[in-house]
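The values are calculated or read from the model by the stated rules, or taken from the named source; none is laboratory data. These numbers were taken from a predicted model, which means no experiment stands behind them. For neighbour counting, all protein chains shown are included, and Cβ atoms are generated from backbone atoms with ideal geometry for every residue, glycine included.
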Amino acid sequence: MIKSRTVKEDDTRPMMYPGASKTKCGYCNSHIGEDHEEECVCWDRTVVVDFTFRVIVRKPVSWDVDSINFHLNDSSWCADNAVSHLKYLYDSDNMKDKCACDCFTGQYVREATEEDEERYDSKDSPER
């Protein structure tokens, strides 16, 4: 869904360099309080994306592929554990001076619907 966006003071910060305007968007030069130009990158829309991270985890030796997939997708195991694991990996010494790009892919799925926005509660997501 495309969102109308009025220029706010925060929009002037990306272009903060000596001589940059503090009253205009750093991308389209619209003034604070005006709508951004139609092609300005500050116009938002919500889209559904899939994020995939490839990581190493420990599982019991006796589990086969179906057991591992069942555990990750259909058991009482909570996906919040995966988020915690990613945070642990990112914060660990192993990731010091490294980038997560080597183990990550992202893929556009479709434009988001109002139902998606309500389900995933991401209307105010800072992600761009």
Residue 78 under 24 Å from residue 106 (Cα atoms) and surrounded by 14 or more Cβ atoms within 10 Å (Cβ to Cβ): no
In region 63-97, the residues that are aliphatic (A, V, I, L, M), closer than 13 Å to residue 53 by Cβ and in a helix (DSSP H, G or I): 72, 82, 83, 86, 89, 95
Enumeration of residues in region 58-75 that are exposed (fewer than 12 other Cβ atoms within 10 Å of the Cβ) and β-branched (Val, Ile, Thr): 61, 65
Count - residues of region 81-97 that are of a type in the set (A, V, I, L, M, F, W, C) and either in contact (Cβ under 8 Å) with a residue 40 or more places away in the chain or loosely packed, with under 12 Cβ neighbours inside 10 Å (or both): 1
Close pairs from region 98-110: first at pLDDT 80 or above, partner in a loop (DSSP other than H, G, I, E, B) and surrounded by fewer than 10 Cβ atoms within 10 Å (Cβ to Cβ), Cβ under 6 Å, at least 6 apart: 103/54
